[in-house]
1. I'd like the Kirkwood hydrodynamic radius of chain A, using the inverse of the mean 1/r over distinct C-alpha pairs, in Å.
2. Rounded to the nearest whole Å³, what is the per residue volume of the convex hull around the Cα atoms of region C:166-226?
3. List every DSSP H helix in chain A whose Cα atoms extend 15 Å or more along the helix's own long axis and whose mean Kyte-Doolittle hydropathy is at least 1.0.
4. Order A:104-111, B:202-209, B:159-166, B:319-326 from most to least packed using the mean count of other Cβ atoms within 10 Å.
5. Quick one: if you stick a label point 7 Å off each Cα along the C-beta vector at B:VAL371 and B:THR339, how many nm between them?
6. Mind checking the dipole of chain C: about its Cα centre, +1 per Lys or Arg Cβ, -1 per Asp or Glu Cβ, Debye to the nearest 20?
7. Starting from the Kirkwood Rh over alpha-carbon pairs, what translational D in µm² s⁻¹ does region C:213-301 have by Stokes-Einstein at 37 °C and 0.692 mPa s?
8. As I understand it, the dipole of the protein assembly as shown uses +1 on the Cβ of Lys and Arg and -1 on the Cβ of Asp and Glu, about the Cα centre. Which of A:VAL193, A:PHE278, A:HIS83 lies farthest toward its positive end?
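The values are calculated or read from the model by the stated rules, or taken from the named source; none is laboratory data. The structure displayed is predicted, hence computed values, not measured ones. FYI the Cβ positions are ideal-geometry reconstructions off the backbone, even for glycines, and counts take in every protein chain you see. Just the protein is used for accessible areas: all its heavy atoms, side chains included, with ligands, DNA and RNA removed. Shrake-Rupley method; radii C 1.70, N 1.55, O 1.52, S 1.80 Å.
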Amino acid sequence: MSTVELDVQQSPGAPRGAAQAAPRGHRLRLGDPIFRGLATACGLALAAAMFGLTAVLVYNAWPAITGLGTSVLTTVAWSPVDHEYGALAALAGTFLSTVVAMVIAVPLALVIALLLVDLVHPSVARVVGTAIEMLAAIPSIIFGMVGIFVIVPFIQDKLVPWLLTTPLANVPGIKPGPQFQGGGVSIFTAGVVLAFMVLPFITAVSRDVLKMVPQVTKEAGYGMGSTTWEVMHKISMRYANSGIVGAVFIGLGRALGETMAVAFLIGSLFTALPRSLFDPGTSIASLIALTFSEATEKIQVSALIELGLILFLITVVFQILAQVWLRRVQRATGGRA
Amino acid sequence: MKKSARSWRLVPLAAAALAIAALALAVAGCGGSSASDAGAPAVPGEPSLTPVPMTADTILGAGASFPAPLYMKWGSDYNSVSGVKLNYQSIGSGGGISAIEAKTVDFGASDAPLEQAELEANGLAQFPMIVGGTVLVVNLDGVADGQLKLTADVVAGIFMGTITTWNDPAIVKLNPGVKLPSTKINVVHRSDGSGTTWIFTHYLTDAAGSVWTAGADKEISWPVGVGGKGNEGVAASVQQLSGSIGYVEYAYAKQTGMTTTQLQNKDGQWVKPSIASFAAAAANADWKASLPSTYMVLVNQPGADTWPITGASFILMQKDQADAARGKAALEFFNWAYTSGADAATALDYVAIPANVYELVQSDVWPTITVSGTPVWP
Amino acid sequence: MSTATDLHSAPPRRRSVTRRKATDLVVKVLAWIGAWFGIAVMAFIVYEVVRRGAGALNVAFFTQPTPQDVTSDTGGFANAIVGTLAITGVAALIAIPMGFLGGVYLAEFGRNGRMATAVRMIANVVMGVPSIIVGVFAFAILVKPLQHYSGFAGSAALAFIMLPVMARTTEDILNLVPNEIRESGLAMGAARWKVTLGVICKAARGGLITGATLAIVRVAGETAPLLFTALSSPYWMTGLFGPGGFFGGPVANLTKTIYDFSGSPYPHWQELAWGGALVIIIAVLGMNILVRLLFQRGKQW
């Protein structure tokens, strides 16, 4: 916004009100301070909500933090009946399914953003962009349902049997581990569905960021005889690479916290590390969703909330990183992310 | 300038209108439900049902998925005769125990009974409500319902991960003439704390102790397999994953037409799951000896026709009730279920608790459920 | 894009020109394939939901409560739909005014000040918090201490999610309003609050309604926050308080019921779940498209 605004800002209610009050007599100007106070209060309520959430989580997780210490992060199995509260399996599953999702979603998002920015007429771009954004509007549970009724049988009955006949079957990470159960409900399936859940977010932010590249710079490239791809890849993406990193972080943050679709599709194996993408596993969010309501022992509830706190902190870190990287693009291009 | 403020009122007003409309619809919806709420005819012989105070028109229960089909059917039947609503949430036995300990429900349901020490520590009363059978279900092309024969050792081997393919010699030996594929056995177990798991693992420990070493509890560290949520989830997973095997309460298999297996019971006889085989196992139970906790294990019972994975499902209530009306409403429902619910139970292949047992429960356990020292029942 | 005027000798450059053009073409094709693939996935999901759910949408679906009898084919989703409307409506009642005022603070009063920048950053962070964590939070403060589940606890969780979304959306929309409008309003001598509400918001009305609608519709499809707060119920709400009421006990809602029914093995219940999913898809996508069409001069997506 321009600096002209500052002039307007410098004189809120009071002086003007004072000037007005004289001709109108003894009318009190309370509207402005009240309104401003209300608005500020609501703004601060946002911050208060966040601190409240953090405080409640830490308070409830405290018995586990002090009682279990770092064992939560180093023990593999989540097995309350054996009094083992290890989140390593859940962390591994979260990480692996997110990686699968990113590997699929990021390149796809980038080429779609390229298309929307450089390859089509703006009105077509709006239609295509809206269609992709509709993916973001579809609730997680519907992704889970389509996943379980359509994707799972496909992967279990068609994809994995075929894959096992190819040389790829011996690649570590694809080769079935000891926990393999057909591959239908597995890290891979969860990752594939996650990819399409985060795709619209990465696409939207990448597109916005690529749009901010100054037209002059791009035209200079075209004027030199570059092809569209060369302008995109040597000019736009270099200019906006911080923003694209920011977009990836946003996608990462969303993928990490996704609960319902993953709960349906990942196989709910809490006690072993996955040795293959086609092994079942679990994620922190789905572990909490599936086991929270039956946690009877205080330490179990506390440990689950500690897991929630860990997930919360990871997503906060990624959000902040995303903000930082996006701000860099803002500064570079002079616009607002 | 004066009229222009109208636009900003629009949004919160619209939200308010939406909320009020929805709440009004919901309240009006009471009259649209299939059962009559006010002025319902009292169950004969139960004058205390009319008038029903507002706080006791809904009973909240949560827990085991094992008896859930029956409890829900009882709930809607009871609603028709008394106007009292039963909201039963199938969240697993672990969830039921957790909920009743947190006092967020009027009763919890669990197929994994608590021992006397734990009951006392949490101030809970426990009593059996129903008996049912757990069966193995498989998803195999070309295998008919009740055709496949499995022994406890083979089942234990499958769930331990030592028997991995359908054409393993141990399975083939038991099933000559059945075409078994060479594909991997996909194992489905419970992901949540489950009384059905408790019953199933007690069976494996008792009948196949040399093979099964993973223990017996609501939740165990499964050597292999994927997890499904609730009996519902295990049944759904077995339906969806070809070549899979899982364990569910019988109603889930029968009502969905899934393929069940035969098992060999303690007497060495091959039995198919049926209400008669569950009842034969339940007949051996000495409930009097199990008081005051009514803790009872019914797996692997002797008898020619007994189904080896039979179990009872229990109700847990707080001994010290906060609200007399709600406690009474719950016990009245259970009384109705004991006295009039047998037909619904039989239709879903559950074995109803016989009169001599429930009278024992009503005389020995229910008086411990009190409000400020006064029993809520009768 | 041709290089007819290149200054170097012909043969090596011509080959690399062809190669550059070929790469360019390959990427363009990939981009089109990618875009079509993304759209195809979206269309496929909608198609599957419509195909499997359309058969469930009959009169009974919209008038009868959820079934409790696994043996019969009766029942509908009516109480779940009404429950979701009530829960989402109350959440909107809490979050939309607060979020709107918060956005006004960020756009009009705080602007680039330190406190406002901090609030903005916090709002962005809260938007990324997984909804299951919000559900656990609402359980810890509204269900466990009061010892009962309630529809209101569900509303509180949803309101928590909606608040930062509404605030940031409001801020973005208000920032699009040109300063000239602000200045002319203030130059007329009107009070600050009158200018903000009467002039600026009126100018941004389309965008604000779009933002509010999209925020509401987004939380209407959430399941995780309701898992431990509103739980579910097979009955209609019986008023406001008491074990069957909105503030006193579990309340039926679309998303949890869909979650339960789609994880069940009964074909009829699964079909009802698809019907519920179709209702959600129609509401969510329908509202999205509707507000964008009606209020195109609002936030440019």
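1. Result for chain A stands at 23.3 Å.
2. On the way: hull volume 4.7 nm³, N = 61.
Enclosed volume per residue, from the Cα hull, is 77 Å³.
3. Helix filter hits for chain A: A:31-68, A:88-114, A:122-137, A:187-211, A:241-257, A:298-333.
4. Going by the mean number of other Cβ atoms within 10 Å, highest first, we get A:104-111, B:202-209, B:159-166, B:319-326.
5. Going by the 7 Å Cα→Cβ label model, 2.1 nm.
6. My answer is approximately 1460 debye.
7. Details: Rh = 14.8 Å.
Stokes-Einstein gives a translational diffusion coefficient of 222 µm²/s.
8. A:VAL193
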